[in-house]
Amino acid sequence: MKKILYVFAGLFLGALLTSCGNLGYSLVLWNNPEAGVSEGQLVKVYVKSNISHTYIIGIPETKKKVEIPVWQISEPESKRKTVKLAAKYKDYEHTYASVKADGLPIRAGTVNNAKQVYRLRKNEVIRVLYKGKGAAPTNGRGELPGDWLRVLTGTGTQGWCFSYNLNLFERVSDDLASSIVVEKTEDAPDEELSAILAKKWYPESFESMISSGRYDLEKFSPDYGFDFGIPVPETEAEGEVQTPAPEQSVKTLKLTTADVKKSWTYEKILKNGDNYQFDELQVTMTTRGKKMLAVQYMDSDGKMKNENFVCLDADISELAEKEIMRRQEELSVLVAAGPVYESDYYGSIEFNNENSVTWRNYRPLVPEIISSSALGSVTVTNGYYLSKQLKNEFDGVLTMHFTGMETPVNFFYKLEEGGLRLVDASKAQKKGNLITEKGSGARVMYFGKK
């Protein structure tokens, strides 16, 4: 028995670690100041983790060992082969590039019809590894000037990219953004910047929620957006805009969504080609028309992230409040029509108020639909929407959060003349908070009014 356990333990460890000891040598491909290594260095590789996708490497001229993402170094080989690889990359040892055109492809080969392996965002920063040979792309008037370059993205994708739409620069500090060499004009109070600063900017998802009328209230809040730390006037005369005065004190730039909360301090806004940059921060914004901003920033994991924001005329607080009231009114109809609904088989449901329910004797639904650990005290929400087809069959969806049960349970509901019909929605097809199909074999439950 012990031998069997040892075998299983060995297999498990083998899945976690490819090897222990010495895997060989690798070339650092991406500057990593936190780990203490920079591109072009040779490092000794000890362990590879298949779980975290990292290597354990030794820091040159020290006894220190650190963990580094797999994509940031070359595949471990003999020292001789790694030295040869370093010589191949020598001409572009500290070279990176920022992308001029949104959607610029990285390809599998050095021809313009080679398979696309990645599409770059405008202003994305990538690493240049070496130059290749291939046919230059054309624009209808002839071949474009430039070279095919082997590149590496900040997420680990490698491939070939033609340099015509790349702005190459040498890394001169650990801050990649501050290494980009482009003509800058400090705090230029141009009309475009003035118009940007005079508006409120919200996450791009707000626009689709408003147009569809389907709101995710956890992600729809007036507190979310891109804020320059400059008060935006409630009213302003035609043509009047507000810009930050050069002498204004330090301001706080905030980027807030349901998933991201970032803030930076800055004093000046710099013009950086077609972009705007905040001091020397790794935060840039690009206009896309008069009502959209693309904001790029370096996250704590060292990767460039992108968020889009839109200018909206709507009052976000008012829209959110209206949606909350609509949902409450929808539930209050069930309270007024009951508040108690009974079934000989499925027990009784009592609406204490719009969001509180007591369900007694639901044992026939355990454990298929309701967990055996659940208690009868239930909080009810109604944040799902129905497709046009399902609206003909149901009034809406009740999401029941049972005390003692981690996962909520969804039921389609229909208020009928004699009572309440519930249908299990656990197999329903969803797109976000829109339910598109009921699903097959759903259990139907009927509760009469008490």
Inset, instruction - Compute the length gained on full extension between A114 and S373: take 0.36 nm times their separation in residues and subtract their Cα-Cα distance, giving the result in nm to one decimal. - result: 87.6 nm
Legend entry - Compactness of the chain - radius of gyration and Dmax, Cα, Å: 29.3, 85
Legend entry - Largest-first principal axis extents, alpha carbons of the range 65-169, Å: 52, 26, 25
Inset, instruction - May I have the pair-distance distribution P(r) for the range 45-93, computed from all Cα-Cα distances with 10 Å bins from 0 and rounded to whole percent? - result: 23, 47, 29, 1
Inset, instruction - Apply 1/(1 + (r/R0)^6) to the Cβ-Cβ distance of A101 and E75, taking R0 = 25 Å, and write down the FRET efficiency to the nearest 0.05. - result: 0.20
Inset, instruction - Please give, to one decimal in nm, the separation of the simple spin-label points placed at T252 and A337, each 7 Å out from Cα toward the Cβ. - result: 4.8 nm
Inset, instruction - Taking a cut-off of 18 Å between Cα atoms, list the lysines near K219, but don't count ones fewer than 8 places away on the same chain. - result: K200, K254, K261, K262, K322, K430, K431
Legend entry - Estimated distance in nm for a label pair at M325 and K219, the labels positioned 7 Å out from Cα along Cα-to-Cβ: 2.6 nm
Inset, instruction - Can you tell me the FRET efficiency between Q389 and N308 if r is taken as the Cβ-Cβ distance and R0 is 30 Å, rounded to the nearest 0.05? - result: 0.40
Inset, instruction - Please work out how much length the chain gains when fully extended from K290 to L197, using 0.36 nm per residue of separation minus the C-alpha to C-alpha distance, in nm with one decimal. - result: 32.3 nm
Legend entry - Label point distance in nm, V83-T436, each placed 7 Å from Cα along Cα→Cβ: 5.9 nm
Legend entry - Cβ charges +1 (Lys, Arg) and -1 (Asp, Glu), total dipole of the chain, debye: 2860 debye
Legend entry - GluC sites (Glu not before Pro) restricted to the range 248-326 and DSSP loop, no more than 15 other C-beta within 10 Å: E267, E280
Legend entry - Burial ranking of peptide ranges 96-105, 58-67 (average Cβ count within 10 Å, highest at the top): 96-105, 58-67
Inset, instruction - Could you grab the relative contact order for the range 279-395? Cα pairs under 8 Å, six or more apart, rounded to a whole percent. - result: 13 percent
Inset, instruction - Please report, in Å, the Rg and the Dmax of the range 329-450, where both are computed over Cα atoms only. - result: 13.4, 36
Inset, instruction - First select every other residue whose beta carbon is under 13 angstrom from the beta carbon of S387; then total the charges, Lys and Arg +1, Asp and Glu -1. - result: +4
Inset, instruction - Report the FRET efficiency, 1/(1 + (r/R0)^6), for D91 and D259, where r is their Cβ-Cβ distance and R0 is 35 Å, rounded to 0.05. - result: 0.30
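Only the coordinates and a few stated rules stand behind these numbers; no lab work does. The structure presented is a predicted model; accordingly, all values stated were derived computationally and were not measured. Neighbour counts run over all protein chains shown; Cβ positions are idealised from the backbone, glycine included.
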